[in-house]
Structures are given as C-alpha cells and as structure tokens.
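Student: My structure is below; once you've seen it, I'll send some questions.
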Amino acid sequence: MGRILAIDYGRRRCGVAVTDPLQIVANSLPVVRTCELINFIVKYCAEETVDRIIVGEPRQMNGEPSESMKYIKPFLGQLRKKLPTMQIEMVDERFTSVIAHREMLAAGFKKSDRQRKGLADEMSAVIILNTWLESR
C-alpha cells in the first residue's frame, strides 16, 4: 500500500499533504512554490510509493467551478504527462481556507503564526486529504 498525496493548488505556492503508508493519518509537507510543484511531485513519487494524488477542486457556492480552475487544468495536464499511470482525483475544496484559519484559532496559534505565508496552505492540503480519506 502506498501513500496518498494531496495538493492545495495556488498561483504562487501550494500546500502539500501526504498519508502514512497505511493511508490512515494525513500530515503536511513543506509548502512548495507553484513553479516547482511538478518537479517536487515527480521526485517525491520516485522516492516514495504513491498510490494516488488528490487535488483540491475550487468551486463557487453554487457548485460551479471557480475561476481558479483555469490555472489548475494546465497543471493537471502537465501532471498527467509526467505521471501517466498515476491515479489523480479532484476533491471539492470549498471552505478549506476558512476551516484552516478556524483550526489555527482553536489551536491557539499566535497572530504572527497565523499570518505566516503558507501555513493555511499546508493546513488546507491536510483538510483536502482528510476529506478524501473520510469519504472512503
């Protein structure tokens, strides 16, 4: 059994999370600059057994795809070219940023920590991955 990798795709940086090999627990990995994401994923998949990649799917409140999909679609195309046998799924990511900020408040993060660029992206990737795990 391999790991499941999740991505919270952003225009500048991306949150990345991964399960343990038994696919039970989701942990964040360091935030990756968007321009380096494909190489990061390819390298990670070469070093670790990854069964599938989950990508957050941004949607509007009415369920329609958000404007961010115009950036995610080319990324998905590149990812499928680099890893043609990899299973890639999308998961609705509505509210992940809001949930991440609430979790930081509930955990007692200082304001300076909550404002750290990338922390919400890391947490959002974990939320996306946990959403997928709970749906299984």
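The values are calculated or read from the model by the stated rules, or taken from the named source; none is laboratory data. Fair warning: this is a prediction, and the values are worked out from it, not measured in the lab. The protein model used for the area step is the full one, side chains on, heavy atoms only, and it has no ligands, DNA or RNA in it. Shrake-Rupley method; radii C 1.70, N 1.55, O 1.52, S 1.80 Å.
Student: If you count only protein heavy atoms with a 1.4 Å probe, what accessible area per residue comes out for segment 27-73, rounded to a whole Å²? The partial results should precede the final answer.
Tutor: Working: 2790 Å² over 47 residues.
Counting only protein heavy atoms, the per-residue value for segment 27-73 is 59 Å².
Student: Further, regarding this structure: Carbon-plus-sulfur fraction of the accessible area of segment 1-62, 1.4 Å probe, in percent? Walk me through the intermediate numbers first.
Tutor: Values: 1560 of 3250 Å².
Its accessible area is 48 percent carbon and sulfur atoms.
Student: Using modelled backbone amide H atoms (1.01 Å from N, in-plane), which distant-in-sequence or interchain residues come within less than 5 Å of VAL91's amide H?
Tutor: Amide H to amide H, under 5 Å and 5 or more residues apart or across chains, VAL91 pairs with VAL55, GLY56, GLU57.
Student: Largest first, please: the extent of the C-alpha atoms of segment 1-72 along each principal axis, to the nearest Å.
Tutor: Rounded to whole Å, the extents work out to 36, 26, 16 Å.
Student: Each residue of segment 5-18 in turn: what ³J(HN,Hα) in whole Hz from Karplus with 6.51, -1.76, 1.60 and θ = phi - 60°, glycine and Pro shown as x?
Tutor: In residue order, the calculated couplings are 10, 10, 10, 9, 6, x, 5, 9, 9, 10, x, 9, 9, 8 Hz.
Student: In terms of solvent-accessible area of protein heavy atoms at a 1.4 angstrom probe, what is the ranking of THR85, THR131, THR49, THR19, highest value first?
Tutor: Values: THR85 135, THR131 60, THR49 95, THR19 0 Å².
Largest accessible area first, the residues go THR85, THR49, THR131, THR19.
Student: Can you give the accessible area of MET90 in Å² (nearest 10), computed on protein heavy atoms with a 1.4 Å probe?
Tutor: Surface accessible to solvent at MET90 totals approximately 60 Å².
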